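Here's the structure we're looking at; comments come further down.
Quick note: the coordinates plus some simple rules give every number you see, no bench work behind them. Just so it is clear, the model here is predicted, and its values are computed rather than measured. Positions of Cβ are generated from backbone atoms using ideal geometry, with glycine treated the same way; all protein chains shown enter the neighbour counts.
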């Protein structure tokens with residue numbers, strides 16, 4: 001996994017961090033130039049969404065494996 005600080009911020013995450021200081025959060029987003037984010041015809045490329053889902057599953061599996069060793 002990598003950290004890339006792009007895009008907008010999510011103020012709600014600061015509130016969650018204060019409420020749950022020991023928790024780790026992973027925020028993801030998949031937007032492209034034609035995604036029309038938050039519009040009535042918002043678009044998500046399914047192949048990209050599936051790849052993102054696979055990446056999230058991998059991060060969770062690696063985290064679980066590291067905790068169990």
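Annotation for residue 13 and residue 66: the two label points, set 7 Å from Cα along the Cα-Cβ direction, are 1.7 nm apart. For the chain, adding -39500 (n - 2.57) for each run of n ≥ 4 DSSP H residues and dividing by the number of residues yields -15500 deg cm²/dmol at 222 nm. Spin-label pair residue 46-residue 20: with each label point 7 Å from Cα along the Cα-Cβ axis, the two points sit 3.1 nm from one another. Computed on the Cα atoms alone, the convex hull of the chain gives a volume of 117 cubic angstrom per residue.
Measure nothing but the geometry: give the 0 to 90° angle between the long axis through the Cα atoms of 46-68 and the longest principal axis through the Cα atoms of the chain, rounded to 10°. Helix 46-68 sits roughly 10 degrees off the main axis of the chain.
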